[in-house]
Amino acid sequence: MRKLLPFALLALISCSSSAWGQDYLKSFPHNLETRYFQFYFRQNEMKVCQIARFADQYISIINRDFFKADFPYPMKALVLEDEQRFGEYLRTELHENMPTPFGIYLFDRGLFATYESSGLGTFAHEILHPLVEGNLQDRPLWAMEGIPTFFEKFYGYWEGDKLVVYWGYQNPWRIALIGDGLKNLDLVEIVNSTNSQGRYRESDLRMVSMFLWDQGKFQKFLRLIQQKNRNGFPSYLEAAFEMPLNKIVPLWNRYLAEVDSQREQIKNFPSSTILPNRYQFQDFMNHFGLKYDANHQSTGL
């Protein structure tokens with residue numbers, strides 16, 4: 001299993017690099033333009049091509065299966081060599097001092113920055129921020145992080161030129177971070193929060209999206225937000241369930257208890273991974289005891 005790494009995307013798209021220099025991009029000697037992205041990088045063209053191949057299919061899947069993902073494409077993406085150089089670049093070139101160990105989308109510059117080994121999950125999470133901001137403007141406060149964090153965990157494989165992805169997996173480090181407070185997360189307080197994120201962290205907020213997905217309501221929830229249609233309910237969550245919050249809470253508590261009972265299994269879940277083909281995917285999923293079925297699947301165009 002050592003060869004099944006998060007960037008195990010062996011069939012590459014055809015790509016080429018060229019010289020580039022412009023303001024804060026001047027230290028990136030190479031660039032790659034795809035349908036949805038303009039990548040700027042310094043080395044390891046093969047890995048950037050792997051990311052790019054995933055990225056274009058990922059946006060197509062979001063646009064078709066989840067919500068209309070309009071954006072003035074291509075989106076700029078900077079790929080640094082490693083975590084140290086990523087941090088240095090943020091501080092010295094972009095003047096960002098906020099600790100961001102994996103990646104960040106900078107709205108003021110309209111670009112996403114990360115590094116080669118940060119993982120596909122980081123990419124999938126961070127590039128959702130501008131898409132959520134632009135297309136789901138009526139989202140509730142909790143969903144500002146609750147939606148992007150949902151997309152950070154997935155497994156899949158390539159079927160020719162198509163990307164097949166399975167969603168709805170818990171993230172081990174987030175479950176560990178929530179700790180013993182998992183079963184006590186207050187859905188009513190999270191949903192009704194209007195002024196700030198309060199005492200809830202990204203990991204807590206992700207659980208609401210995971211709950212919606214588990215109940216088969218996540219995509220409906222996103223569509224309702226995009227349509228700005230609560231169907232007469234006080235919140236989009238209630239509109240997705242077509243029932244008041246007090247009737248949803250018992251389902252929520254049951255879901256949290258179920259997740260809590262699976263902690264030992266969840267802590268062994270590997271990083272988000274795309275395999276070269278279906279056969280390696282099946283071996284990978286069986287090795288880690290991960291379940292998958294067609295109801296949790298998206299297939300690229």
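A short reminder: the numbers here are calculations on the coordinates, not readings from a lab. From a predicted model like this one, the values you see are computed outputs, not experimental measurements. Virtual Cβ from ideal backbone geometry, glycine too; neighbours counted across all protein chains shown.
Within the stretch 212-289, the ratio Rg/Rh, alpha carbon atoms throughout and Rh by Kirkwood, equals 1.13. Applying 1/(1 + (r/R0)^6) with R0 = 41 Å to the Cβ-Cβ distance of Asp138 and Gln282 gives a FRET efficiency near 0.55. Footprinting exposure proxy ranking of Phe269, Phe41, fewest other C-beta atoms within 10 angstrom first, gives Phe269, Phe41. Rounded to the nearest 10 degrees, the angle from helix 45-65 to the longest Cα principal axis of the chain is 30 degrees. Fully extending the segment from Asn253 to Arg199, taken as 0.36 nm per residue of separation minus the present Cα-Cα distance, adds 17.5 nm. Put in line by how crowded their Cβ is, counting other Cβ atoms within 10 Å and starting with the fewest, Ile127, Ile266, Ile225 read Ile266, Ile225, Ile127. Holding the Cα-Cα limit at 22 Å, pick out from Lys26/Lys68; Lys183/Lys228; Lys47/Lys68; Lys183/Lys267; Lys68/Lys228; Lys183/Lys247 the pairs that are longer than that. Too far apart for the 22 Å limit: Lys26/Lys68; Lys183/Lys228; Lys47/Lys68. Could you state the angle between the C-alpha long axis of helix 202-214 and the longest principal axis of the C-alpha atoms of the chain, as a value from 0 to 90 degrees rounded to the nearest 10? Computed tilt is about 70 degrees. Only helices enter this figure: runs of n ≥ 4 DSSP H residues, each worth -39500 (n - 2.57), summed and divided by the residues of the chain, yield -12500 deg cm²/dmol at 222 nm to the nearest 500. The convex hull defined by the C-alpha atoms of the stretch 172-265 has an orientation-averaged projected area of 6.2 nm². Taking the chain as the reference, fit the longest principal axis to its C-alpha atoms, fit the long axis of helix 83-92 to the helix C-alpha atoms, and give the angle between the two in degrees, 0 to 90, nearest 10. The answer is roughly 90 degrees. Between the labelled values (i) 20.1; (ii) 19.6; (iii) 24.3, the entry that holds Kirkwood radius over Cα pairs in Å as derived from this structure is (i). Taking Ala239, Ala69, Ala176 in turn, the Gaussian network model of the chain (Cα-Cα springs below 10 Å) assigns the largest fluctuation to Ala176. By the beta-carbon count within 10 Å of each Cβ, the least crowded to most crowded order of Ile274, Ile147, fewest first, is Ile274, Ile147. For the chain, the relative contact order comes to 21 percent (Cα pairs under 8 Å, sequence separation of at least 6). Among the GluC sites (Glu not before Pro) in the stretch 214-301, those located in a DSSP loop and surrounded by at most 15 other Cβ atoms within 10 Å of their own Cβ are Glu242.
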